[in-house]
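To start, the structure under review is shown below, and the notes come after it.
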Amino acid sequence: MPQDLPSFVDRIRKECPEDFVMVTDEVDPAYEITATVVKTEQEARKRPVFLFENVRGSDFPVMTNLHASRPRLAMAMGCGPREMQKKFLHAMENPIPPREVNTGPCKDVVITGDAVDMGKIPQIVHHGGDGGPYITAAISFARDPKTGVYNCAYNRLQITGKAETSIHLTLGKHLWEFHRMAEEKGEPLQVAFAIGVHPAIALGSLAIGSIDEDETHIMGGVFGEAMEMVRCETLDLLVPAHAEMIIEGEIQPSGRVKEGPFGEFTGYSLGAREREILKVTAITHRKGCVFYDMSVGHLDHMLLSTIPMEANLFRAVRSMIPSVTAVRVPSPFTCFVSIEQRLKGQGKNAILSVFGADLYMKRVVVVDQDVDVFDDRQVNWAMATRSQPDRDILIIPGARGSDLDPSTSGDDGFTAKWGVDATAKPLLKDFTPRHHFPEDVWNGIDVKKLLS
Ligand code: MN
């Protein structure tokens, strides 16, 4: 399978041409790119891949919104939209180690030393209130200083100088942990970033697992073959050979710089803090490189991150309830679960397993298997007709959640959590029957013929 972004986009242009929009007029990297994505979705209900050919102040064209459709992501994974969770779980459980190659397209152009200039890449500002231009689609590649196991993740980078950015390390996550270990020894942490990759790499980087699980192997699992990687110019690290662009650098062991505010996945611009500093040591890229920008907080970001999240939650609920049928993360901090409830009380157990598996989860709704969790109307119907608030709502006060939730007050991320058991009681088979029709009547109606 081709492991690069341009050949995947070529497939989209061939197989679903309406999914691709080329913008040839010059655009302002401040606000205009993100605003175009959001307005197209709001007013036309369309989510095409955008390629902005002419971005003021930079020679690189900008691509965004590639991940904003489940069918497109499914195409990248080689399965149907409903099989993605299962396919991703399979990749997590059957990882494939990468293969080192001598060179690749990401080495067409190599820029090191004084020639490094972050001002040459598109200076994209996403939302009003943001602290400055950000790189939002940088996937970090770093190694555990003790074990050498790779960790990959999306880390937002705010451009703060010619060869400098700040980096947002999520508290308690794996890259943050690596940096703490390096910092204790007074050493910088080497880290490289891939920008503009095949969705299999993007999905693999978002796998939620233990610090010993190597995301480069999960990327291979999603591809169904070893990912090809090349050695960095200035670091002792491997990076995807077919990436559009690689940024190499070192997170400094000391010093902090002001970062933010930034409009995050929550839908709010917030969170200005003092953060770690990245010194950029090299930029390498493909000849004709397209710069990928993630439309953070919109579908491009939300759909991509939910597939790995849902796979992990499915795994967690399944360990408690083998008859779980589906898991969906429809919006920030929210999870819908459907189960085939065999025993009284499993609805509440499902709520508990979601809270146990994901720090950010704050609201869980559990429904029976006859309710489609991918249809918000059906979930609302089940909540309205199968639950009693005094009996079926569970509130957990004073727990830890996301520090980006603006509804928490005082201490960042100190939050209550709630679950709704919207399964039929005592069990679906004993509950008032739904609308239904005699089978012979249903089968005897030929809708095609009626409407022809
Ligand atoms: Mn990890």
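The values are calculated or read from the model by the stated rules, or taken from the named source; none is laboratory data. In this text, all values refer to a predicted model and were calculated from it rather than measured experimentally. Positions of Cβ are backbone-derived with ideal geometry, glycine not excepted, and every protein chain shown enters the neighbour counts. Note: accessible area is taken over every heavy atom of the protein model, side chains too, but ligands, DNA and RNA are not part of it. Shrake-Rupley method; radii C 1.70, N 1.55, O 1.52, S 1.80 Å.
Between residue 153 and 140, the built amide H atoms are under 5 Å apart, and every one of these is 5 or more places off in sequence or on another chain. For the pairs 46/448; 39/279; 344/448; 279/417; 39/120; 87/448, flag any whose C-alpha to C-alpha distance is greater than 32 Å. Listed pairs above 32 Å: 39/279; 344/448; 279/417; 87/448.
Charged side chains reduced to their Cβ positions (Lys and Arg at +1, Asp and Glu at -1) give the chain a dipole of some 1140 debye around its Cα centre.
Compactness of the chain was expressed as the Cα radius of gyration divided by 2.2 N^0.38 Å, which yields 1.03. Calculate log10 I(q)/I(0) of the range 83-178 for q = 0.12, 0.17, 0.20, 0.24 Å⁻¹, where I(q) comes from the Debye formula with a single equal point scatterer on each Cα and nothing for solvent. Here the Debye-derived log intensity ratios amount to -0.61, -1.10, -1.24, -1.28.
What fraction of the Cα pairs in the range 195-348, stated in percent, has a spacing above 28 angstrom? I get 37 percent for the Cα pairs in the range 195-348 exceeding 28 Å. Per-residue 3J(HN,Hα) values for the range 259-268, derived from phi via the Karplus relation 6.51 cos²θ - 1.76 cosθ + 1.60 with θ = phi - 60°, read 10, x, x, 8, x, 9, 4, 6, x, 10 Hz in sequence order (x marks Gly and Pro). Of the solvent-accessible surface of the range 79-297, computed with a 1.4 Å probe over protein heavy atoms with every protein chain present, carbon and sulfur atoms account for 50 percent.
Surface exposure of the range 321-430, expressed per residue as accessible area with a 1.4 Å probe, stands at 46 Å².
The trypsin sites (Lys or Arg not before Pro) of the range 151-235 that meet both conditions, a loop assignment by DSSP and at most 14 other Cβ atoms within 10 Å of the site Cβ, are 162, 185.
Within the full protein context, the accessible area of residue 174 is estimated at about 40 Å² for a probe radius of 1.4 Å. For residue 381, the solvent-accessible surface computed with a 1.4 Å probe is close to 100 Å², ligands and nucleic acids excluded.
Rg of the Cα atoms in the range 1-85, relative to 2.2 N^0.38 Å, amounts to 1.16. Along its principal axes, the range 309-382 has C-alpha extents of 28, 26, 18 angstrom, given from the largest down. Binning the alpha carbon pair distances of the range 321-430 at 5 angstrom intervals from zero yields the distribution 2, 13, 24, 23, 18, 11, 5, 2, 0, 0, expressed in whole percent.
Distance from the Cα centroid of the range 283-297 to that of the range 323-386 is 37 Å (rounded to whole angstrom). Amide H to amide H, with H built 1.01 Å from N, residue 360 comes under 5 Å of no residue 5 or more places away or on another chain.
With the convex hull drawn over the C-alpha atoms of the range 231-272, the volume per residue is 131 Å³. For every other residue with a beta carbon closer than 10 angstrom to the beta carbon of residue 386, add +1 if it is Lys or Arg and -1 if Asp or Glu, then tell me the sum. It works out to a net charge of -2. Taking the alpha-carbon centroid of each part, what is the distance from the range 392-452 to the range 1-80 in angstrom? Using only Cα atoms, the two centres lie 33 Å from each other.
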